[in-house]
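Contents: one structure, followed by commentary.
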Amino acid sequence: MNIFDALMERGYIAQTTHEEEIRELLGKEPVTFYIGFDPTADSLHVGHFVTMMFMAHMQRGGHRPIALVGGGTAMIGDPSGRTDMRQMLTKENIEHNVSRIKSQLEKFIDFSDDKAILENNANWLLDLNYVDFLREVGTHFSVNRMLTAECFKQRLEKGLSFLEFNYMLMQGYDFYVLNEKYGCKMQLGGNDQWSNMIAGMELIRRKSSKQAYAMTCTLLTNSEGNKMGKTAKGAVWLDPEKTSPYEFYQYWRNVDDAEVDQCLRLLTFIPMDEVRRLSALEGAEINEAKRVLAFEVTKLVHGEEEVKKAEEATKALFGGGGDSGSMPTTELEASLFEEGVGLLNLLTQIGLTKSNGEARRLITQGGISIKDAQINDPSFMVTLSDFENSKLIVRKGKKVYHQIKLV
């Protein structure tokens, strides 16, 4: 099957610049393409996951990815999808973030034997002469046309800095450089990058008289149309130090029934016949599909050993057996509980709530359980008698578990 058709079947492709030409091109020759990742944090998160899988499927279809880490563009900040200006990062911050992101990308993409390329746009952007850049690149951009781009339109009312206004030129220049250096013909990315991608295509056409292409991928959204990948604690990160493998596994284990089909299609390599079978399960049987989803996604990101630990921890909670050792755990002195610790303070201390006020609201609304018993009294005291084998499991809502271990 042509990789374009396979990507369409799985639901990856949102929009293209030249659908029939792209399909024909991908079917007849290996194509070098790129996706950019701006290092604004020291880890990628679930929001990047679909583009990484998009890239991995393309590589498996015989094409060569360039993973472009934006060490240069991160000095400016992408205004796309933002209502305010991004925080300015130092060069040291950016270099640290780049090194962390590279290691995450290597889990999905095979960089051996020139099968893929890892690049950093700092290599050509940071040494640019600004006047030369304006003459060579700026002359090909119409300000009137740039202002019609969605990424700029939504910022004009609140204020758009000239710094950020340069971002489109820089990303367009990235595409041009990669086209010249590696024969890169195509850019892939999220829908919010569409205007920037078109700018790069136009620059290549104007400067080199060559045809380039762009495809955007579907965003991972829930049944309400909101982006997936957020929890009460914030983003679901790929870095195990930011989101533990157990929490990561639990996130996918507890997605809504309506989201299972989309997640299996976009976030796994499971063949489509099996995806359709799992997605068709109903009632209690849909839990089998969620288990497969959580296993496959966690294995991709954290490896088989960590996903097995997460499964064991889950069995300890729901199946009455298994090992709870992979569950988020706080160790506390046993002596603290001899006279009892107030539940309000305890929830804040172990990080399940940000304040005693939030803890009080959760308790009065029935959102906290200890040993599977709902606690409705904000003055409840946790004592040694509540522990079994020096362990106590606290549940927040239906999905968030935390273990307290006595030392």
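Here are Gly366, Gly397, Gly322: which of them is of a type in the set (Gly, Ala, Ser) and at pLDDT 85 or above?
Criteria check complete, one pass: Gly366.
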*Considering segment 202-232 alone, what residues qualify as being outside any strand (DSSP E or B), surrounded by 15 or more Cβ atoms within 10 Å (Cβ to Cβ) and touching a strand residue (DSSP E or B) at 6+ places or on another chain (Cβ under 9 Å)?*
Ala212, Thr218, Leu219, Leu220, Met228, Gly229
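Just to be sure, is Ser355 surrounded by 14 or more Cβ atoms within 10 Å (Cβ to Cβ), at pLDDT below 90 and either closer than 26 Å to Gly234 by Cα or in contact with a helix residue (DSSP H, G or I) (Cβ under 8 Å, 6 or more places away or on another chain) (or both)?
Numbers: surrounded by 14 or more Cβ atoms within 10 Å (Cβ to Cβ): no; at pLDDT below 90: yes; either closer than 26 Å to Gly234 by Cα or in contact with a helix residue (DSSP H, G or I) (Cβ under 8 Å, 6 or more places away or on another chain) (or both): yes.
Answer is no for this residue.
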*Just give me the residues in segment 196-232 being closer than 22 Å to Leu7 by Cβ and of a type in the set (Ser, Thr, Tyr), in sequence order.*
Tyr213, Thr216, Thr218, Thr221
*Got at least one residue in segment 389-407 being closer than 15 Å to Asn345 by Cα, assigned to a loop (DSSP other than H, G, I, E, B) and of a type in the set (Ser, Thr, Tyr)?*
no
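Is it the case that Gln171 is buried (at least 23 other Cβ atoms within 10 Å of the Cβ), outside any helix (DSSP H, G or I), under 24 Å from the mean Cα position of the chain (by Cα) and at pLDDT 85 or above?
No.
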*Which number in (1) of a type outside the set (Phe, Trp, Tyr); (2) within 23 Å of Met52 (Cβ to Cβ); (3) surrounded by fewer than 18 Cβ atoms within 10 Å (Cβ to Cβ); (4) modelled with pLDDT under 95 marks the one condition that Glu331 misses?*
(2)
*Could you tell me whether any residue of segment 282-292 is modelled with pLDDT of 90 or more and buried (at least 20 other Cβ atoms within 10 Å of the Cβ)?*
yes
_For segment 328-354, give me each residue that is under 14 Å from Ile404 (Cβ atoms), in a helix (DSSP H, G or I), of a type in the set (A, V, I, L, M, F, W, C) and more than 30 Å from the chain's Cα centre (by Cα)._
Ala334, Leu336, Phe337, Leu343, Leu346
*May I ask you to verify whether Gly357 is in a loop (DSSP other than H, G, I, E, B) and either small (Gly, Ala, Ser) or at negative phi (or both)?*
no
*Single unsatisfied condition, Gln374 versus (1) at pLDDT below 85; (2) surrounded by 13 or more Cβ atoms within 10 Å (Cβ to Cβ); (3) among the polar types (S, T, N, Q)*: (2)
_Tabulated pairs, segment 33-44, first in a loop (DSSP other than H, G, I, E, B), second of a type in the set (Gly, Ala, Ser), C-beta under 8 angstrom, 6+ apart or interchain_ = Asp38/Gly70; Asp38/Ala74; Pro39/Gly70; Pro39/Gly71; Pro39/Ala74; Thr40/Ala74; Thr40/Gly77
*Any residue in segment 270-289 that's more than 15 Å from Arg253 (Cα to Cα): show its pairings with residues that are modelled with pLDDT under 90 and among the polar types (S, T, N, Q) at Cβ separation under 8 Å, as long as the two are six or more apart or on different chains.*
none
*Among the residues of segment 29-50, which ones are among the hydroxyl-bearing types (Ser, Thr, Tyr) and surrounded by fewer than 22 Cβ atoms within 10 Å (Cβ to Cβ)?*
Thr32, Thr40, Ser43
*Taking interchain pairs and intrachain pairs at least six residues apart, which have beta carbon atoms under 6 angstrom, with the first residue in segment 378-407 and of a type in the set (D, E, K, R) and the second in a loop (DSSP other than H, G, I, E, B)?*
Lys396/Leu352; Lys399/Asn254
*For segment 241-268, name all the residues that are touching a residue at least 24 places away in the same chain (Cβ under 8 Å), farther than 16 Å from Thr314 by Cα, of a type in the set (Asp, Glu) and assigned to a helix (DSSP H, G or I).*
Asp257, Glu259
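The values are calculated or read from the model by the stated rules, or taken from the named source; none is laboratory data. Bear in mind that the values here come from a model prediction, so they are computed numbers and not experimental data. Backbone-built Cβ (ideal geometry, glycine too); neighbour counts: all protein chains shown.
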